[in-house]
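**Q** Below you'll find the structure I mean.
Laboratory data are not the source of any read-out in this text; all were calculated from the coordinates shown. Since we're looking at a predicted model, the values are computed, not measured. With ideal geometry, Cβ positions are generated from the backbone for all residues, glycine too; neighbour counts draw on all protein chains shown.
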Amino acid sequence: MMAIRELKVCLLGDTGVGKSSIVCRFVQDHFDHNISPTIGASFMTKTVPCGNELHKFLIWDTAGQERFHSLAPMYYRGSAAAVIVYDITKQDSFHTLKKWVKELKEHGPENIVMAIAGNKCDLSDIREVPLKDAKEYAEFIGAIVVETSAKNAINIEELFQGISYKGLLARRPQLVALSLTMLCCCSLTNPSEVESRFLLHHLFSVCKIC
Amino acid sequence: MCSSEEASLLRLEEVFSAALAHINSLVLQPLLLTEPSDAWTRECLQLLQQLHQSSQRLWKVTEESRHSLRERLHHPDSVGLESLLLLHGAERVLQVHIEYIESYTNCMVARAFQGAAKQRSAHWRDQRKVLQQFLWAMGSVSLEGAVGPVLVQSLRQPLTHHVQQYVFLLLSLGDTIRENHPTRKLVVHAATLFGNLQSFMSQALDEAMATEALWPTLSSRLRDELCNPADRRLLQDSRDIPVTVSPLRADRVLLFRDSLVLLQGHHVHTFDLKLVWVDPGQDRDTLHVLTPEEEFSFCAKNPQGQVAWQRKVTQAVRQALCGKKDFPVMGADPEPPEPPACRCEAYTFQVEGRLCQATYEGEWCWGRPHGKGTLKWPDGRSHVGNFSQGLEHGFGICLVPQAAEDKFDCYKCHWREGSMCGYGICEYGTGDVYKGYFQEGLRHGFGVFESARTASQPCKYTGHWELGQRSGYGIGEDRDRGEHYIGMWQADQRHGLGVLVTQAGVCYQSCFQADKMVALSVPLCLFLLLLELLRPALSASPNPSPFPGSSVRPPRAQAGPCPPQFHLCPHRQLGLGAFPVESRWRGVYGPFWDFVQAGCPGDQQEALLGFHVQSSKELRKSQEYLCCERTPPEDSTDSIADLLEQLPQHREPGALQQYLKKALSNSLHPLGKLLRTLMLTFQATYSGVGANKHLQGLAQEEVKQHARELWAAYRGLLQVALQRRGQALEEDEDAETRDLQVHRLVLPLLLPSFYPELFTLYLLLHEREDSLYSQGITCLSLFPDTRLLEFLDVQKHLWPLKDLTLTTNQRDSLVRDKCFLSAIECLQKMITTVDPREKLEVLERTYREIEATVSRVLGQEHKLPMDDLLPLLIYVVSRARIQHLGAEIHLIRDMMDPTHTGGLYDFLLTALESCYEHIRKEDMQLHRVPSRWTAW
């Protein structure tokens, strides 16, 4: 019996960027024997193995409408991680994302793991936000970044795996430095082409070592 | 056929009857003619009158017997032998004889004949000859000498002779009847009875003679002191069988039928035999005698002497307790029956000390009050209750009169070895009342003191006591000033950290020393006042919105997160660190744990739980009548042994919940009693003036601690119960299971008891927010359903109005309180329960109702993302119009099972909270709504 660790994950982002689609995809792709109760697409759970423990994601959706922004602190308080979603076809949504990051830095829980998800990467033809911008920004704030497609199930699993491992590392401070240097190495040697899979693989090996 | 014995019996009766008539006319009548000249003769006359009466009765019975015999002789065939009075009424005949003997010996001891005869000595001198002839006729040797002895003899002789003949004739009559005949048994029985009477008579006469002989050997003063009552007989004299007494000193020991007398010079020490216990000592020569106040031993010269004395005293005590002489007379039985060790008597203590002049009436054992009894002092003080070894022990009511008025201090308490110990209720003559625990006669542990309403400074104290003084954590209420002090006490004064709440609602925490405030750490009242004043100004200033991009709408007040200290100040909680919750009410739990650690002894149950009285009226009555109708713990179904027997039978979750529910609602159950006491403390702290929003934190953590403690208490009882059954003890549970049980099981059961006060505190704490929220609700309720849905940006395809074809006007006017009705009604049920878990379940059902409605509208299952759910939820919440939702939400969150954190219930509660916040904050925006939607 592996220990179960509960991770509260909060979804932030504008309306229509596909927050709930990402979660639905993540939760539904996996066949779960014991279906835990959900609140529509607003509250879902999924348990995934990570290293030598199980991580149970408690995923809290938030209302993306601008008028409800002020209510967000209630939702993200006590979160282990926040997934901030933007639409790669909408520059505005990336703008909002930056505000969320700023707010989380100021008022969010300490050591919150931030993950940036650029959704709708299947529509890269009408892309408005270059991947490079997102990566630079993520690197600047120390967040995980992936481009996902809820529609085609691209990088959804990876997004949450990344959160898992980063969450794991965050709890073991001595490893944080190591992983950060590794990340830096990766980004230096391969500045533009760091694949998220590759990065995660590295992180995973770090976990194995410890 | 009649036997010759029967004829002789008839003759005997005829002769005796004649003799009695003769004695009556010759002796008794003349004696009764005596004029009473002094006290002694008056007394003699009285005794003689009694003798006369019993002689009359004796004569009557003899006549009856004679009559029955004659009948039998005349009609021997029709009248059976058993019809003889001597046979079927032998007991009655015997009784009359005994009575005669008693009154005769009374006269003899008092020398009544001599006394009466003295007055008319001339008459008696003339009669002497007649008397002597009479005696001679009765078969006695003639007596020469004084009149007295002749009289004595003449009254006794016929009787002894008569009884002797009875026995003789009855025995020979018995021999004439063949064996197995039923009348033979009767005859033998009668013969035995009269045989016993013979020995009884001779013993009575011996005793009387000894007593009569004793008086001249005593000084007249002693004689006067000892000769009353008239039926006092000497049973043993230390002159006959010498004994020495120690440690008391005595020249002479006299054992009378009713008392034991030690003579030392002119000093007389009399002990009532009813309160004398004889303990044959280890030493064969000594005999220990216990009396209520003295304890001494008799030392005989030899073992025989000791045995004789022991026998005599034991017999005398037994007969004194029976109130009559033995019949038949005890022979030289080797094992005479012992008198009972426990007796019920009254006694007034004489020796200087606590009990001097006090009268005890009740049960005794070995010279000490033991059992139930009443002790009354001459000053009016009295104690009714249980005693042990001479001291108050167990439940008792003590009344102490107040000097000035006709009022009493009434102590209804448990006592241990003479002092109050355990639970008690004291009602003082002044009207003050103390209810709580005592130790060694002083208030100690937890207790509530309430002064009379009429007192000059009405006050109430609920808390800890030490050696009669307020000490430790306690709540003091000053009714005059309306002040409420919550904090530490020492030596009856406020000392240490404390929180003071005034009637105006100002509340501050400070350090007290000797009843005086030494340092006002933060003059919070002023600080708060300042904040209240500044608040509107602060909120009016345009806050820089964290979302400049959203400039479509005017910047809303308080949109961004407020600076934390500003947010916290009105909610500042006092006393949180000052009074650690674990030790706050340890005086309440202390007696319980002592009880559990002692293995729950049944006799201490009442001292712990307090006695159960049906109503306060009865308690008052008990004071008036000095009795208390308690439900004795051993009789009720709730005796601790039964409770412990039942306890391990309910351990399955469902049964356990039922059991705990029952136990907590039963004030006779230790857990129920604990809860009652805790409710008392909670009410004392947080109701009235104590209902202050700054105390919410204190109250909240206290309730949770109570749940933990009660769970621990249950576990404690369970362990004792298992131990009693000889079963394996339960392992210590880990912290996680304990928390789970406490929150899932105990807290919901407990919460209803504390809910009113607790909820009031939450109400006060969230008053401002709640008023804004209800303003918001009022504004929103003006909207028709469609307008509201539109206003809340609910997507049109989710509107549950698909099946209605209405014009826009109709929609606006008609569709009011129609949409999502099931969800709204469901949410309204939230206030019908106090259990946080049930409230959360209501919330979940509400969500399911919304989901069901949406699915119906869309015709397919639809998973609502938060973008759609939140507006719908706001709609439902605003329509449900639950009052004080803020208080509700915070109460649920505080009392929620911590394992739910981050989970489904947490999410739902957060969603509800965000709706609440939105409605509250929307208020500002709503002011411009009418213009907005009229312009539509």
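**Q** Using DSSP to define loop residues, name the trypsin sites (Lys or Arg not before Pro) in region A:97-169 whose beta-carbon has at most 14 other beta-carbon atoms within 10 Å.
**A** Sites meeting the loop and neighbour criteria: A:Lys151.
**Q** Taking a cut-off of 13 Å between Cα atoms, list the aspartates and glutamates near A:Lys99, but don't count ones fewer than 8 places away on the same chain.
**A** A:Asp14, A:Glu66
**Q** Cut-off is 10 Å between beta-carbons; in what order do B:Phe820, B:Phe349 appear when sorted fewest neighbours first?
**A** Placing the least packed residue first, the sequence is B:Phe349, B:Phe820.
**Q** Check which residues have an amide H placed less than 5 Å from A:Val17's amide H, if you skip close sequence neighbours.
**A** none
**Q** Tell me, what HN-Hα J-couplings in whole Hz come from the Karplus equation 6.51 cos²θ - 1.76 cosθ + 1.60 at θ = phi - 60° for each residue of region B:42-55, using x for Gly and Pro?
**A** So the J values, rounded to whole Hz, are 4, 5, 4, 4, 4, 5, 5, 4, 4, 4, 4, 4, 5, 5.
**Q** Follow-up. Step through the table entries B:Lys818/B:Lys921; B:Lys460/B:Lys673; A:Lys46/B:Lys796; B:Lys435/B:Lys516, compare each Cα-Cα distance with 29 Å, and write down the pairs that go over it.
**A** Correct reply: A:Lys46/B:Lys796.
**Q** Further question on the same structure: List the aspartates and glutamates whose alpha-carbon lies under 19 Å from that of B:Lys693, not counting same-chain residues fewer than 8 positions away?
**A** B:Glu477, B:Glu483, B:Glu532, B:Glu701, B:Glu702, B:Glu757, B:Glu767, B:Glu769, B:Asp770, B:Glu888, B:Asp894
**Q** So what's region B:835-877 giving for Cα Rg divided by 2.2 N^0.38 Å, two decimals? Could you put the intermediate results ahead of the total?
**A** Values: Rg = 11.2 Å, N = 43, 2.2 N^0.38 = 9.2 Å.
It is 1.22.
**Q** Just to check I understand the Karplus step: with θ = phi - 60° and J = 6.51 cos²θ - 1.76 cosθ + 1.60, what whole-Hz values come out for region A:113-121, glycine and proline as x?
**A** 7, 9, 10, 9, 10, x, 7, 6, 6
**Q** Rounded, prolate or oblate: which one fits region B:661-776, using the alpha carbon gyration tensor with axes a ≥ b ≥ c (rounded when a/c is under 1.5, else prolate when a/b beats b/c, else oblate)?
**A** prolate
**Q** For a bin width of 10 Å, list the pair-distance distribution of region B:59-182 built from all Cα-Cα distances, rounded to whole %.
**A** The calculated distribution, bin by bin, is 11, 31, 29, 18, 9, 2.
**Q** Oh, and also: Would you please calculate the Kirkwood hydrodynamic radius of region B:320-434 over all C-alpha pairs and express it in Å, rounded to one decimal?
**A** 16.1
**Q** Residue-wise, which Karplus ³J(HN,Hα) couplings in Hz belong to region B:127-132, taking 6.51 cos²θ - 1.76 cosθ + 1.60, θ = phi - 60°, and x for glycine or proline?
**A** 7, 3, 4, 4, 4, 5
**Q** Okay, moving on. Stretch B:Ala213-B:Asp279 to full length: gain in nm at 0.36 nm per residue minus the Cα-Cα span?
**A** Using 0.36 nm per residue and subtracting the Cα-Cα distance, I get 20.7 nm.
**Q** Same structure again: Can I get the semi-axes of region B:24-130's equivalent ellipsoid? Compute them from the C-alpha gyration tensor as square roots of 5 times the eigenvalues, in angstrom, largest first. Could you put the intermediate results ahead of the total?
**A** Values: eigenvalues 263, 48, 15 Å².
Taking √(5λ) for each eigenvalue gives 36, 15, 9 Å, largest first.
**Q** Of all GluC sites (Glu not before Pro) in region B:664-769, which ones are in loop regions per DSSP and have a Cβ with at most 10 other Cβ atoms within 10 Å?
**A** Those that pass, being in a loop and sparsely packed, are B:Glu731.
**Q** Residues with amide H under 5 Å of A:Phe57's amide H, sequence separation 5 or more or different chain, H placed in the peptide plane at 1.01 Å from N; which?
**A** The list, which skips near neighbours in sequence, is A:Leu7, A:Lys46, A:Thr47, A:Val48.
**Q** DSSP loop (so not H, G, I, E, B), at most 11 other Cβ within 10 Å: list which GluC sites (Glu not before Pro) in region A:87-153 pass both filters.
**A** Listed in order of number, the matching sites are A:Glu110.
**Q** Same structure again: Put +1 on the Cβ of every Lys and Arg and -1 on every Asp and Glu Cβ in region B:151-286; which of B:Phe200, B:Gln153, B:Leu186 then has its Cα farthest towards the positive end of the dipole?
**A** Checked the options; the winner is B:Leu186.
**Q** Between B:Asp409 and residues 5 or more places away or on another chain, which pairs have amide H atoms under 5 Å apart, with H built 1.01 Å from N, and which residues are they?
**A** Amide H to amide H, under 5 Å and 5 or more residues apart or across chains, B:Asp409 pairs with B:Val400, B:Gln402, B:Gly429.
**Q** Find the Cα radius of gyration of region B:709-764, compare it with 2.2 N^0.38 Å by division, and give the number to two decimals.
**A** On the way: Rg = 15.3 Å, N = 56, 2.2 N^0.38 = 10.2 Å.
Dividing the Cα radius of gyration by 2.2 N^0.38 Å gives 1.51.
**Q** OK, next. Once the other residues with Cβ under 11 Å from the Cβ of B:Asn228 are scored (Lys, Arg +1; Asp, Glu -1), what is the net sum?
**A** Neighbour charge sum, excluding B:Asn228 itself: -3.
**Q** Also, quick follow-up: Equivalent-ellipsoid semi-axes (√(5λ), Cα gyration tensor) for region B:435-519, whole Å, largest first?
**A** The equivalent ellipsoid of region B:435-519 has semi-axes of 22, 16, 9 Å.
**Q** Whole number please: convex hull volume per residue, Cα atoms of region A:1-112, in Å³.
**A** So the per-residue hull volume is 116 Å³.
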